[in-house]
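Following: one structure in C-alpha cells, then a few remarks.
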Amino acid sequence: MCLFLFFFPVFICSFMVAAPIFGYLGDRFNRKIILSCGIFFWSFVTLLSSFITKDYYWLLVLSRCLVGIGESSYSSISPTIIGDLFTNNKRTMMLSVFYLAIPLGSGLGYILGSIAKDAGGHWYWALRVSPMLGLIAGTLILIVVPEPKRGIADHITGRIKTRTSWLCDMKALAKNRSYVFSSLASAAVSFATGAFGIWIPQYLVRAQVVQKTAVSCTYQPCSSKDSLIFGAITCVTGLLGVVIGAVTTRLCRQKTERADPLVCAVSMLGSAIFICLIFVVAKKSIVGAYICIFIGETLLFLNWAITADILMFVVIPTRRATAVAFQGFTSHLLGDAGSPYLIGLISDALQESYATSSLWQFLSLGYALMLCPFVIVLGGMFFLATALFFLDDRDKAEKQGIEHQINPNVVSCYSS
C-alpha cells in the first residue's frame with residue numbers, strides 16, 4: 001500500500017504536466033503520429049523498467065514519470081479523433097466503446113500480468129507483456145486509423161488559415177460555462193474513484209475484523225481477497241456504466257436536448273446514495289457492502305463517455321485536444337492526485353486517541369470516506385449547472401463553426 005501511495009502521485013503528476021502540452025500539439029499537428037509516438041514511448045519505457053534492479057530504485061521512479069507522459073498523449077488526443085469521425089448518437093456510441101477500454105484494459109492487465117508473473121517466476125515479466133501489445137496498437141494506429149480534418153463531422157470543412165494562440169484558447173475555455181462545470185464534475189468523480197481504489201479494500205478488511213470473520217493484519221505485506229474482488233467489481237461496473245450511460249443518453253435525447261448533463265447529474269446523485277449505504281451496512285454485512293459498491297460504482301461510471309461527448313458539443317474542433325487535456329488536468333489535480341492522502345489524513349486524525357481499537361480503526365476510516373459521497377453530490381450539482389448552460393454553449397460552438405466556413409481566416413478568441 002505504501003509503495004502504491006508513493007508511485008501513484010509520481011505517475012499522476014507527470015501525467016498532469018504533460019497533458020496540456022499534448023493538448024496544444026494535438027490541436028495543431030498530425031494527431032495520429034503524436035498518438036502512436038506516445039504509445040511507442042510508453043511501451044519502450046515500460047519494457048526498460050522491467051530490467052531495473054533494486055539497486056537503482058530511483059530509475060523505477062523515473063520510469064513511472066515517463067509512463068505518465070506517454071499515457072497523457074493518447075488520453076488527450078484520442079477522443080478528438082473520434083469526435084471528428086462521428087457525430088451525435090453515433091459519436092456517443094463510439095466514445096463509449098473507447099471508454100470501455102479503461103475497465104476492460106485494467107481487468108486484462110491484472111489477468112495477463114498475473115499469468116506472466118507466474119509463468120516467468122518474477123514480477124518483471126508482467127512489465128514485458130503490455131509493451132508488446134502497445135507496439136501492436138501503435139502500429140495499427142499508424143496504418144489503419146485515418147487523420148480526419150478537424151471539424152469535418154460537424155460540417156466545418158474549410159481550413160483554418162489563422163490559428164489562435166494557446167492563451168487565446170484558454171481564455172475561450174474559461175468563458176465556456178458548460179466546459180468549466182462539467183470539468184469540475186469530472187474532478188468529483190476522480191476524487192471518489194481515487195479514494196475508493198486505495199481505501200475501500202482496507203475498509204472492508206477492517207469491517208471483517210469487527211465482525212470477527214477475519215484477523216487484523218499487523219505485519220506487511222497483508223494478503224486479502226478484498227482487493228481482488230473490489231478490482232473485479234470496478235472492471236465490471238466500468239463496463240456496465242459506460243454501456244448503460246450511452247443507451248440512457250440516446251433514449252433521453254428523444255425527450256430533451258439537455259439529456260447529456262441531466263443523465264450525468266441523476267447518476268451522480270444516485271451513486272451518492274448507494275455509496276453512503278456502504279458505510280451503513282458494512283459493519284453487519286460484507287455482501288451487502290459489495291452490492292452497494294456495485295450499484296454505486298455503476299452509476300458513478302455512467303458519465304465517463306457522456307462527459308467527453310458534452311465537451312465535443314460545446315467546444316469547437318480546433319480547441320478540443322486542449323480542452324480534453326485540461327479537463328484531465330483538472331480532474332487529477334482536484335481529484336485522485338490528493339484524495340487518497342486526504343482520506344488517510346482524516347482517518348489517522350480521527351483514530352489518534354484510540355489507535356489500538358479495531359472498532360475505532362474501522363469507524364474512523366468510514367467517517368473519512370464519507371467525504372466522498374458529499375463530493376459526488378457536489379459533482380451532481382455541477383452537472384445540473386452544466387445543463388443550464390449546455391444549449392447556449394452548444395449553439396455558440398455551432399455558430400462559430402458556421403462563421404468559420406464563411407470566413408476561414410477568423411477564429412474567435414472569446415467563444416467555445
- Query: Could you list, in sequence order, the residues of the stretch 22-37 that are open to solvent by 20 Å² or more (accessible area, probe 1.4 Å) and in contact (Cβ under 8 Å) with a residue 24 or more places away in the chain?
  - Reply: Phe22, Tyr24, Leu25, Arg28, Asn30, Lys32, Ile33, Ile34, Cys37
- Which one is nearest to Gly38 (Cα to Cα) among residues in the stretch 113-123 that are part of a helix (DSSP H, G or I) and open to solvent by less than 70 Å² (accessible area, probe 1.4 Å)? Gly113
- Task: Would you please list the contacts, defined by Cβ atoms under 6 Å and residues six or more apart or on different chains, that run from a residue in the stretch 166-192 that is crowded, with 24+ Cβ neighbours inside 10 Å to a residue that is among the basic types (Lys, Arg)?
- Result: Asp169/Arg319
- Within the stretch 323-362, count every residue that is crowded, with 18+ Cβ neighbours inside 10 Å and in contact with a Lys or Arg (Cβ under 9 Å, 6 or more places away or on another chain). 2
- Residues located in the stretch 250-278, provided they are open to solvent by less than 50 Å² (accessible area, probe 1.4 Å) and within 12 Å of Gly296 (Cα to Cα): Ser267, Met268, Gly270, Ser271, Ala272, Ile275, Cys276, Ile278
- Message: Leu384 - would you say it is more than 30 Å from Thr164 (Cβ to Cβ), hydrophobic (A, V, I, L, M, F, W, C) and buried (at least 24 other Cβ atoms within 10 Å of the Cβ)?
- Response: no
- Query: In the stretch 223-249, what residues are open to solvent by 40 Å² or more (accessible area, probe 1.4 Å) and either at pLDDT below 80 or among the acidic types (Asp, Glu) (or both)?
  - Reply: Ser223, Ser224, Lys225, Ser227, Leu228
- Query: Asn88 versus (1) over 18 Å from the mean Cα position of the chain (by Cα); (2) more than 26 Å from Val315 (Cα to Cα); (3) open to solvent by 70 Å² or more (accessible area, probe 1.4 Å): which is the lone unmet condition?
  - Reply: (2)
- Scanning the stretch 38-51 residue by residue, the ones that are open to solvent by 10 Å² or more (accessible area, probe 1.4 Å) and either in contact (Cβ under 8 Å) with a residue 40 or more places away in the chain or assigned by the TED database to the domain that holds Pro317 (or both) total 6
- Item | Those helices (runs of 4 or more DSSP H) lying entirely in the stretch 308-396 with at least 3 residues over 28 Å from Gly26 (Cβ atoms) and assigned by the TED database to the domain that holds Phe191 | 339-350, 358-369
- Being more than 30 Å from Met268 (Cα to Cα) and at pLDDT 80 or above narrows it down to one of Leu135, Leu184, Leu127, so name that one. Leu135
- Task: Considering (1) among the aliphatic types (A, V, I, L, M); (2) surrounded by fewer than 19 Cβ atoms within 10 Å (Cβ to Cβ); (3) more than 19 Å from Val10 (Cβ to Cβ), say which one Val61 fails and leave the rest.
- Result: (3)
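The values are calculated or read from the model by the stated rules, or taken from the named source; none is laboratory data. In this text, all values refer to a predicted model and were calculated from it rather than measured experimentally. With ideal geometry, Cβ positions are generated from the backbone for all residues, glycine too; neighbour counts draw on all protein chains shown. Areas reflect the complete protein model, heavy atoms only, side chains present, ligands, DNA and RNA absent. Shrake-Rupley method; radii C 1.70, N 1.55, O 1.52, S 1.80 Å.
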